[in-house]
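So the structure is just underneath, and the comments pick up after that.
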Amino acid sequence: MSLDIALQNSLSGLRVAQGGLDIVARNVTNANTEGYTRKYAQQLPTVIRGEGAGAYLAEIRRNVDAGLRRELETSISNSARLTVVDKALSELELAFGKPSENNSIAGRLNLLRNSFEQLYANPENLTTQQKVLAEAQNFIDTMADLSQQIQDQRARADAEIATAIKDTNAAMANIKSLNDEIARRQAQGKSTADLEDLRDMELQKVAENIGIKYFEQSDGKLVVMTETSRYLVEYEDFALQFSTTANFAPSSRYPDNVGGITLNGVDITAEITSGKIGGLLEMRDTRLVQAQGQLDELAATMAEAFQATGTPPPAAPPYDNRVDLFMDAGATFARGVDDVNVVGLAQRLTINQDILDEPWRLREGSDPATVIAESLNTGDTAVLQSILTMFETPRAFTTTEPGLAGPGAGLNLDVGTGVTLQSYAAGIVAYQGQTRAGVQAQLNFETGLKLSLDQRLKNESGVNIDEEISMLIQLQTSYAASARVISTITEAFDQLIAIRR
């Protein structure tokens, strides 16, 4: 081997060592940088005309387990959905309270029943009559307040969907921009590793908001799709579209009068079941609608139950001396076709104005056409007894299959054989806590899985300082060896030149 060739080999060794030292320095510097993955470059031999001519560093690449990364992104989507649902259910559970608390609907119903018991013991007492009306109003106010809180939560979820859509579109635009730059650098034979790190971070932002799947094309570009294979990022520009709903009422339903999410002109709302957006849609369109339906069904059954009170004459109910205590915005309540009048009743409940004007009708009946004036028999408790019996009578409640919107949906009660009003009210309150407990269990599992996957990915793809220091020592040794060879060759050249003189 000539001294010239030896010198070239040694110089290539210096360049390789310098390049390796640069990569190690970058790895160590970014060891704690979020989203950074360990970079490496394979050292390859240079061969010219079948002869070894030193070495060179191949393209700088990342060390990333693609399969593990996909699992992590799926877990990110799932845990984001559950986090949203858990937070919303926590608010709902707090609003409903506990069955044993007086300010819960179950507690309010118990207080109303107790006030009727007191009236039964002292039917002619005006103060006791007023106490019944006060407890009835408290029950109505609690129902209306809960109903309003549910609609407020739906409105907040709707607003948060709009924010999440905006963030998702921004991340999708960044991915497309990074795709173009990666494709350009790849065509030029340059490293794209750092750009791929940035793209992965944007991809996780999308996955946090909506469930995705994706694949990489030969030019290095990433094609991102929804879980139902609709393009989010490709060669064309795609963006999610969403319009917030101005006002939420108990009757507000998607898709009739509540906004949906469109992609390229197609409504994909029903297809989004994971990610933050999936959780917000779940609360806005299903779980909160269920809670409203449960309140409305309790309100409807309460109104009907009081309509069936009174002492039975030969005719069948409703009886002329019934105590029609609860009204639908001042009118007698009737369910209507397909329970159309049940929706939103929790917000429309009022107390019969005739009873407010003449509280003695609690004892003798609310129909002014049949009960013209207060009876002289103020100690008559027959009607009040029918009311107390009504509270203890099991009755059927309208329900739908769990997971579907509708009055009473999802309650785990034996409605086939019937339950009392108080059992149903307590069941509504307990249902919120049970539902949240189930979601919390899922969230705890998914959070643990996400942390485990994230740690595994960092262990495999992240920077290990000990390994980098070990590599640094090897590269320093290699650099020193190449430098020593160059120094020896330089001395040889000097001696040859001296001989020629």
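The values are calculated or read from the model by the stated rules, or taken from the named source; none is laboratory data. Bear in mind the structure is a predicted one, so any value in this text is a computation, not a measurement. Here the Cβ positions follow ideal geometry from the backbone for every residue, glycine too, while neighbour counts run over all protein chains shown. When the accessible area is computed, the model is the full protein with side chains, heavy atoms only, and any ligands, DNA or RNA have been set aside. Shrake-Rupley method; radii C 1.70, N 1.55, O 1.52, S 1.80 Å.
Results, tabulated for the structure shown:
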read-out: Test for residue 486: is it surrounded by 11 or more Cβ atoms within 10 Å (Cβ to Cβ) and at pLDDT below 80; value: yes
read-out: Flag for residue 461 being modelled with pLDDT of 90 or more, within 30 Å of residue 200 (Cα to Cα) and of a type in the set (Gly, Ala, Ser); value: no
read-out: Filtered residue count, region 319-362, keeping only those that are charged (D, E, K, R), at pLDDT 90 or above and over 24 Å from residue 294 (Cα atoms); value: 4
read-out: Residue within region 139-159 that is modelled with pLDDT of 95 or more, more than 22 Å from residue 244 (Cα to Cα) and open to solvent by 40 Å² or more (accessible area, probe 1.4 Å) present; value: yes
read-out: Subset of region 101-120 [open to solvent by 10 Å² or more (accessible area, probe 1.4 Å) and either at pLDDT below 95 or touching a helix residue (DSSP H, G or I) at 6+ places or on another chain (Cβ under 7 Å) (or both)]; value: 101, 102, 103, 108, 110, 111, 113, 117, 118, 120
read-out: Yes/no for residue 291 being assigned to a loop (DSSP other than H, G, I, E, B), over 18 Å from residue 162 (Cα atoms) and of a type in the set (A, V, I, L, M, F, W, C); value: no
read-out: Output for region 231-254, where each listed residue is open to solvent by 80 Å² or more (accessible area, probe 1.4 Å) and either more than 21 Å from the chain's Cα centre (by Cα) or modelled with pLDDT of 95 or more (or both); value: 231, 235, 236, 237, 241, 246, 247
read-out: Long-range neighbours under 6 Å by Cβ, at least six apart or interchain, first residue closer than 12 Å to residue 105 by Cβ within region 128-140, second assigned to a helix (DSSP H, G or I) and of a type in the set (D, E, K, R); value: 138/108; 139/108
read-out: Subset of region 121-133 [more than 48 Å from the chain's Cα centre (by Cα) and open to solvent by less than 70 Å² (accessible area, probe 1.4 Å)]; value: 122, 123, 125
read-out: Scan of region 258-288 for residues that are charged (D, E, K, R) and free of Cβ contacts under 8 Å to residues at least 40 places away in the same chain, ordered by number; value: 267
read-out: Matching option when the condition is closer than 21 Å to residue 80 by Cα, open to solvent by less than 20 Å² (accessible area, probe 1.4 Å) and among the small types (Gly, Ala, Ser), among 310, 220, 293, 279; value: 279
read-out: Qualifying residues in region 1-44 (those that are touching a Phe, Trp or Tyr at 6+ places or on another chain (Cβ under 7 Å) and open to solvent by less than 40 Å² (accessible area, probe 1.4 Å)) - the one modelled with the highest pLDDT; value: 23
read-out: Test for residue 257: is it at negative phi, among the polar types (S, T, N, Q) and either buried (at least 17 other Cβ atoms within 10 Å of the Cβ) or out of contact with any Gly (no Cβ under 8 Å at 6 or more places or on another chain) (or both); value: yes
read-out: Selection within region 331-340 - assigned to a loop (DSSP other than H, G, I, E, B) and closer than 22 Å to residue 367 by Cα; value: 332, 333, 334, 335, 336
read-out: Among the candidates 169, 179, residue that is touching a Leu at 6+ places or on another chain (Cβ under 7 Å), open to solvent by 30 Å² or more (accessible area, probe 1.4 Å), assigned to a helix (DSSP H, G or I) and at pLDDT 95 or above; value: 169
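Conditions (1) open to solvent by 20 Å² or more (accessible area, probe 1.4 Å); (2) at pLDDT 80 or above; (3) within 30 Å of residue 343 (Cα to Cα); (4) β-branched (Val, Ile, Thr), marked per residue:
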residue: 432; (1), (2), (3), (4): no, yes, yes, no
residue: 436; (1), (2), (3), (4): yes, yes, yes, no
residue: 440; (1), (2), (3), (4): yes, yes, yes, no
residue: 481; (1), (2), (3), (4): yes, no, no, no
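Every residue, every condition in (1) surrounded by fewer than 21 Cβ atoms within 10 Å (Cβ to Cβ); (2) over 47 Å from the mean Cα position of the chain (by Cα), yes or no:
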{"position": "330", "(1), (2)": "yes, no"}
{"position": "335", "(1), (2)": "yes, no"}
{"position": "365", "(1), (2)": "no, yes"}
{"position": "368", "(1), (2)": "yes, yes"}
